[in-house]
Amino acid sequence: MTILALEFSSSQRSVAVMRTSETRIVAEVVETGNGGTRAIGMIETALREAGLEREQIDVVAIGLGPGSYTGIRVALSIAQGWQLARGVKLLGISSVECLAAQAQLEKIFGRVNVVIDAQRNEFYQAVYEISQSAWKEIEPLQITGPSETQSRTTIGETWIGPEATRWFPSGRVIFPRATMLGRLAVGRNDFISGDKLAPIYLRVTNFVKAPPVNPAAR
């Protein structure tokens, strides 16, 4: 099985191709910056480096965030279009889960706080217990702010994430990577149809419905 992994939830965007028969990543493309996501170009480069055609992709795995709204929506659109055109299987994986696995790979052990910018001077936060052999979520993802975590900062807990040092000077900057996304996808069979894929977004969407038009007012 050949997996195409797309992780566009942060300012470091990445694409990876993995062959499960070889249990290894065969190509990776990474771009960093504040510009728009050059998604199709990155995918074409990764496929070319892997020596593959689009038709040879069996699974598209994407990072669902939370994170960059635009980046995640781009990945969603590509995955949905790929399934419509080629009938590939789709997997959506939390970018927070990806960060926890990346921390384990980088030998960051113990109680680890994963933080991602949520705008409005807030961040998404989840807490994991990470060891050399496993990692486990011990506090689910929530939206919080620096003032609410001050006590944890003073007792020296570990903080990681794409912008961790923005709130925690002693934190570690780690980005979710498509290579890790591809590894997490191996062995999973909780595939989903494109219309069911949705970004991880904890805020409640509030809107006011416009009143009906009064014909007499025209």
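The values are calculated or read from the model by the stated rules, or taken from the named source; none is laboratory data. What you are looking at is a predicted structure, and each value in this text was computed from that prediction instead of being measured. Neighbour counts are summed over all protein chains in view; Cβ atoms, including those assigned to glycine, are modelled from backbone coordinates with ideal geometry.
A few notes on this one:
- Restricted to region 105-195, the set of helices (runs of 4 or more DSSP H) holding at least 3 residues that are closer than 23 Å to Ile62 by Cβ comprises 178-185.
- Selection of region 11-44 for residues being buried (at least 16 other Cβ atoms within 10 Å of the Cβ), of a type in the set (Lys, Arg) and farther than 21 Å from Tyr69 by Cβ yields only Arg19.
- Considering residues of region 93-104 that are of a type in the set (S, T, N, Q) and assigned to a helix (DSSP H, G or I) only, the residue farthest from Leu6 (Cα to Cα): Gln104
- Cβ-Cβ contacts under 8 Å between residues 6 or more apart (or on different chains), taken from a first residue in region 159-170 that is among the aliphatic types (A, V, I, L, M) to a second residue that is crowded, with 22+ Cβ neighbours inside 10 Å and in a strand (DSSP E or B), are listed as Ile160/Val112; Ile160/Asn113; Ile160/Val114; Ile160/Val115; Ala164/Val115.
- Hey, Thr32 in the same structural domain as Gly67 (by TED's automatic domain parsing), of a type in the set (Val, Ile, Thr) and within 21 Å of Leu184 (Cα to Cα) or not: no
- Qualifying residue in region 108-115 (condition: within 19 Å of the chain's Cα centre (by Cα), of a type outside the set (Lys, Arg) and within 25 Å of Arg19 (Cβ to Cβ)): no
- Candidate set from region 45-92 (those that are part of a helix (DSSP H, G or I) and among the hydroxyl-bearing types (Ser, Thr, Tyr)); member that is surrounded by the fewest Cβ atoms within 10 Å (Cβ to Cβ): Thr70
- Which numbered condition Ile40 misses (of (1) assigned to a helix (DSSP H, G or I); (2) modelled with pLDDT of 95 or more; (3) over 20 Å from Asp195 (Cβ atoms)): (2)
- Residues in region 33-76 that are in contact with a helix residue (DSSP H, G or I) (Cβ under 7 Å, 6 or more places away or on another chain), of a type in the set (Gly, Ala, Ser) and touching a residue at least 40 places away in the same chain (Cβ under 8 Å): Ala61, Gly63, Gly65, Gly67.
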